[in-house]
Structures are given as structure tokens and as C-alpha cells.
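The values are calculated or read from the model by the stated rules, or taken from the named source; none is laboratory data. Treat the numbers as computed from the prediction; the structure is a model and nothing was measured. No Cβ is skipped: glycine too gets one built from the backbone with ideal geometry, and neighbour counts run over all protein chains shown. For accessibility, only protein heavy atoms count, side chains too; no ligands or nucleic acids. Shrake-Rupley method; radii C 1.70, N 1.55, O 1.52, S 1.80 Å.
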Amino acid sequence: MSARTHFGPEAATAIDLSTRDMARASTHAERIEIVGPQVAVPFGDLPLHPYRRGSRLSLLATLWRLRPDVIVVQQEVTTASLIARLGPPARLAVHRRHTAKQPKPGLRRWWARRRFDRLDALFFNSEFCRQDFHSVWPEVTVPTITVANGLDAADWVGRPPDQREGIIAFTGRAHPDKGALPLARALVPLLARHAGWRAHFMLSRSADHPETMLALRLALAPVAARVEIALDQPHDAVRDLLSRAAIAVVPSIYAEPFGRAALEAMAAGAVTVSSMRGGLAEVVGNAGVAAEPEAGALERALEDLIGDPARRAWLSDASRARAAERFSIAATGAAFDVGVGLTMAGDMR
């Protein structure tokens, strides 16, 4: 696991949640060991071998004690490169969950490429990310595979469309790129017109972005009585909100590598309004509503949905079906197993 992850129910990141789901669904589940920063209360269904957060020496010592055959590092190529040089002998892959940064030319690019050349395989959480990587690094010949995030549909049973509450939900990090602020601006006139509706923002890592939090509260001040803001909630609270909400909005301003917030909303049956940027288009497809992440476009999309219960019902069913069919935990586990096989086949490079 990467240094900022938290493999436990209280503050799990998207990486923690998808890693847990992927490991549980793999045919190798009984042999998978999770290595991550120490947490007070880890998930109880997979073993966590903790190391001191921020200590590379502690990480390496833990890996040497376990001596695994295959190591899949979540996200951090630099950490994987360190493991390749100083860790126990093992096949090594990195599961990338972000778009590729364009390195500076010359020595820096050569040095960055050397890190990739130490790997046996690269996993990507969306086809968008995989293609983006190849456009930035056409010279890297390490085998690649898409291992998308998946969900167990049984964990995301929401209410039927006609029993949902008039809630417009936003779940995700408080980072300005997630688009909470343009959504807030869209909600002010919208909620003023629709007395039976309200909004709920469930924001994580709020302390990292105090300016965004202040701007959000100021923007929502005219309708504050009809808006709930909850900070840094456990994942069960996110699941409960999405199971009740009629609409969920994922108005990301930047190109999302995947868009787990959208997938969770769809799996729970909340009609998803999305900016469709980056991997979001891959996740949502035609089972949601596209809207640019600016106040006017979001307001119009939400207005149309509020006024059309039949369309909301159809999209709710379609979104649940798409999540279950295309992003099932079984499909993710199978893709992960293929990736492990790819990693073991070092002669394929």
C-alpha cells in the first residue's frame, strides 16, 4: 500500500477499498498478504502486516520477513523501484491509479524510465489511464493490463427508485478539482425552486483544503438549512447515503483516472450526474447524465432529473445493472489474477 493509505474502516481511501475488494475476489485470496502503514483498527477480513508510516526501512524489513513471490505496489513507482533494488527477490508490478506526468527530457526522463524497466508488469485502474500512460511513455515495453476497480453488488443494495429520498449527494475528497464548489453554486437556485429536495456533501480529507471548505460553506449559505455537510465519515456512512439519495453528482473538473465515487453511486442505484472527464466516461457510460462541471450546466441537468421521475427510475436501474455487469468484483478479481500471471511471466518483456 502507498504511504497515504489507511487499510481500515475509519479512514480508508479509494486505493484501500479497491485493493481490499480485489484481494478478496482473487483466486489467490488465501495467499495474499497486505503490507501497509500501521493503523489502529485494520479491516478484519484480510491480514495486514503493518510498517511504520513514512519509514522505507520498516517497509523493506517487513517485505524481507514475508519474502513474497509477487509484490504488487499500489501507485508508487518510486517505492517499487526501491523494492526492486533493496527488497527480497520477487516478481514486481505497480498498480497505477493516476494519469502519467510528462517528465522533463534528457537525464530526468532516462532516470524515470529506468524505474519502469525494473518492473515485470504495470496494472492500470482504467483503460483511460493505460492509454494515457502509453501516450506519455511509448518507449516503455513493460507488459500492461487494465485491472479496474470493482464492487460486490451485494454490499450496495439501495432503495427502489420510488422509495428514494429527495437528496442530491456529493461524496469524495474536498479537493477543488472534485468540483464541489460549482455544484454548490448550482444548488442555490435549484433548491430555492424545489422545496422537497435537499443536498448532502460527504467530504473526506477536509483538513487538507481549508480554503475550499470555506468557499463551499459561503456558497451554500443561502440554502444552508437544506444542506448537510459531513466530514471524514467512515465508508459505511457513504454507502448509507448513496442507498437513500435519488441523485449523486460527480462533477470532477480534472480527468479522473477512474471515478470510484461514480461507481459507488451507480452500484447503490443513485442516478449519477457526471462530468464524464477521464475515466468517468468509461465508468458511467450511457447509464448516467453528462454535465460540464460548471454551475449552469449542473443546474440544468439536475432540474431535468427532478422534473422527470420516470427517467430517474430508468437510470437508477440502468446504473445498477452497468455497475454489476461491467465492474463486478468477480471481473476485477479475474483481471487481477491475469495481471499476476503477466507479472510472473518475466520472459514476455
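Among the residues of segment 13-29, those identified as farther than 10 Å from Gln74 by Cβ and not aliphatic (A, V, I, L, M) are Arg20, Asp21, Arg24, Ser26, Thr27, His28. Within segment 140-155, the residues that satisfy the criterion of being closer than 29 Å to Ala25 by Cα and either within 15 Å of the chain's Cα centre (by Cα) or assigned to a loop (DSSP other than H, G, I, E, B) (or both) are Thr141, Val142, Pro143, Thr146, Val147, Ala148, Asn149, Gly150, Leu151, Asp152.
Residues in segment 116-139 that are within 18 Å of Glu256 (Cβ to Cβ) and surrounded by fewer than 16 Cβ atoms within 10 Å (Cβ to Cβ): Glu127, Gln131, Ser135, Val136. The set of residues in segment 193-212 being assigned to a helix (DSSP H, G or I), touching a helix residue (DSSP H, G or I) at 6+ places or on another chain (Cβ under 7 Å) and surrounded by fewer than 19 Cβ atoms within 10 Å (Cβ to Cβ) consists of Ser206 alone.
Within segment 50-69, the set of residues being of a type outside the set (Lys, Arg) and open to solvent by 40 Å² or more (accessible area, probe 1.4 Å) comprises Pro50, Gly54, Leu57, Ala61, Trp64, Leu66, Asp69. Scanning segment 97-123 for residues that are under 30 Å from Gly285 (Cα atoms) and free of Cβ contacts under 8 Å to residues at least 40 places away in the same chain gives Ala100, Lys101, Gln102, Leu122.
You will find that of Val142, Val147, the residue that is touching a His at 6+ places or on another chain (Cβ under 8 Å) and either closer than 18 Å to Val338 by Cβ or open to solvent by 10 Å² or more (accessible area, probe 1.4 Å) (or both) is Val147 and no other. For segment 70-78, state whether one or more residues are among the hydrophobic types (A, V, I, L, M, F, W, C), open to solvent by 50 Å² or more (accessible area, probe 1.4 Å) and in contact with a Gly (Cβ under 9 Å, 6 or more places away or on another chain). No: zero hits.
Restricted to segment 1-85, the set of strands (runs of 3 or more DSSP E) holding at least 1 residues that are closer than 20 Å to Asp120 by Cα comprises 34-37, 70-74. Could you tell me whether segment 269-283 includes any residue that is of a type in the set (D, E, K, R) and free of Cβ contacts under 8 Å to residues at least 24 places away in the same chain? Within segment 269-283, not a single residue is of a type in the set (D, E, K, R) and free of Cβ contacts under 8 Å to residues at least 24 places away in the same chain. Taking first residues from segment 234-247 that are β-branched (Val, Ile, Thr) and partners that are at pLDDT below 95, no Cβ contact under 8 Å between residues at least 6 apart in sequence or on separate chains turns up.
One line per residue, one yes/no per condition, for (1) touching a Phe, Trp or Tyr at 6+ places or on another chain (Cβ under 9 Å); (2) modelled with pLDDT of 95 or more; (3) assigned to a helix (DSSP H, G or I):
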| site | (1), (2), (3) |
| --- | --- |
| Ala100 | yes, no, no |
| Lys104 | no, no, no |
| Arg130 | yes, yes, yes |
| Val157 | no, no, no |
| Gly166 | yes, yes, no |
| Leu181 | no, yes, yes |
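Total residues in segment 16-31 satisfying the condition of being open to solvent by less than 30 Å² (accessible area, probe 1.4 Å) and among the β-branched types (Val, Ile, Thr): the figure is 1. Could you please find all residues in segment 32-49 being surrounded by 15 or more Cβ atoms within 10 Å (Cβ to Cβ), modelled with pLDDT of 90 or more and under 21 Å from Ala335 (Cβ atoms)? Across segment 32-49, the qualifying residues are Ile32, Ile34.
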